[in-house]
């Protein structure tokens, strides 16, 4: 089939809206009409070359929701017309990671992503007969996508699809970092360093977990204002202060410090904010090959550091819970959308993301 998509030809290039050919779904795949796709820092990492995530040319985009229009063979549990959230963590059920109940680290999916394909290693996308690559098995800056069925979750049709798209990555990662990775306890003191899309969802994850002190740290008053709406009890504008000093004044120290930017200076500040027996959770992605220098002294106080990938999410369980939480009013998503855009506006929207403006831009299709 023919469809329009935004193609990136290489690191640092501009998006080109082109008509591509999209093949039919194969076994265990779905053809989905994209309704919305959030613009994420992981997309920007690929665009700017901070991380090597896909060969080019490629259709970027991965935080998405839409409607199934065609089923490949062997796709039980799905039907044409189902509304689905699509994810970067599909799984094969046969690799060692899947067999050990760690499907988020599926090696088949990882291999597919590295070559810009789906599970068989091939692409469903072409332009004038030449291969175009899939980004993270989703490639959602397009009118239609073919995705692995194991990376899609059917959701209630009551759920607005532009808000559902955010659950696919930012919300799952932020909420999951709190609930799954750190397992934040009620009554805890939580600090969030960086209030972008993921950081803001760490804040509301902390609220839902019952944390009593939730400190948002950022450089912009716009994001700090959103953080207060989502559950921050205190905010720190780090443009003219040392956040760790201000944290000490507010609560003495943190039980959980979440770093959501992937910057060494911010990680060092977050580490310096942790109290005895508290922990630092690294949620932001650093550049490929980056190293860290941290004060080793706090380890004597049994302070700890833990990495986080995709919020340690259980895709089906967590998506269903988050959709229910939005529909019952306890999960806030409307507040996260700064602007809705079209394919031709992607470059400007990513400029805003680079500048730290707004919470989430969302690409929407009619």
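The values are calculated or read from the model by the stated rules, or taken from the named source; none is laboratory data. In this text, all values refer to a predicted model and were calculated from it rather than measured experimentally. When we count neighbours, we look across all protein chains shown, and the Cβ atoms used for this are built from the backbone with ideal geometry, even at glycine.
When residue 188 is tested against (1) surrounded by 19 or more Cβ atoms within 10 Å (Cβ to Cβ); (2) in the same structural domain as residue 45 (by TED's automatic domain parsing), only condition (2) is not met. The residue of the stretch 114-140 that is surrounded by the most Cβ atoms within 10 Å (Cβ to Cβ), among those that are within 26 Å of residue 320 (Cβ to Cβ) and in contact with a strand residue (DSSP E or B) (Cβ under 8 Å, 6 or more places away or on another chain), is 139. Note on the stretch 274-289: among residues that are assigned to a loop (DSSP other than H, G, I, E, B) and touching a helix residue (DSSP H, G or I) at 6+ places or on another chain (Cβ under 7 Å), the one that is surrounded by the most Cβ atoms within 10 Å (Cβ to Cβ) is 283. Looking across the stretch 191-238, the residues that are assigned to a loop (DSSP other than H, G, I, E, B), out of contact with any strand residue (DSSP E or B) (no Cβ under 7 Å at 6 or more places or on another chain) and at pLDDT 95 or above come down to 210, 212. If the condition is being part of a helix (DSSP H, G or I), surrounded by fewer than 16 Cβ atoms within 10 Å (Cβ to Cβ) and touching a helix residue (DSSP H, G or I) at 6+ places or on another chain (Cβ under 8 Å), then the stretch 308-366 contributes 334, 335, 354. Against the numbered list (1) within 30 Å of residue 66 (Cα to Cα); (2) assigned by TED's automatic domain parsing to the domain that holds residue 266, residue 161 comes up short only at (2).
Restricting 53, 20, 44 to those that are over 26 Å from residue 199 (Cβ atoms) and in contact (Cβ under 8 Å) with a residue 24 or more places away in the chain reduces the list to 20. So, in the stretch 5-17, of the ones that are in contact (Cβ under 8 Å) with a residue 60 or more places away in the chain and crowded, with 16+ Cβ neighbours inside 10 Å, which residue ends up farthest from residue 43 (Cα to Cα)? If we take residues in the stretch 5-17 being in contact (Cβ under 8 Å) with a residue 60 or more places away in the chain and crowded, with 16+ Cβ neighbours inside 10 Å, then 5 is farthest from residue 43 (Cα to Cα). The number of residues in the stretch 278-293 being touching a strand residue (DSSP E or B) at 6+ places or on another chain (Cβ under 8 Å) and over 15 Å from residue 199 (Cα atoms) comes to 2. When the strands (runs of 3 or more DSSP E) confined to the stretch 88-172 are screened for residues that are under 20 Å from the mean Cα position of the chain (by Cα), those reaching at least 3 such residues are found at 144-148, 152-155. In contact (Cβ under 8 Å) with a residue 24 or more places away in the chain and touching a helix residue (DSSP H, G or I) at 6+ places or on another chain (Cβ under 8 Å), is that true of residue 30? Considered against the rule, which asks whether it is in contact (Cβ under 8 Å) with a residue 24 or more places away in the chain and touching a helix residue (DSSP H, G or I) at 6+ places or on another chain (Cβ under 8 Å), residue 30 comes out as yes. Taking the stretch 49-83 as the range and being farther than 14 Å from residue 135 by Cβ, touching a helix residue (DSSP H, G or I) at 6+ places or on another chain (Cβ under 9 Å) and not in a loop (DSSP other than H, G, I, E, B) as the test, the residues that pass are 65, 66, 67, 71, 83.
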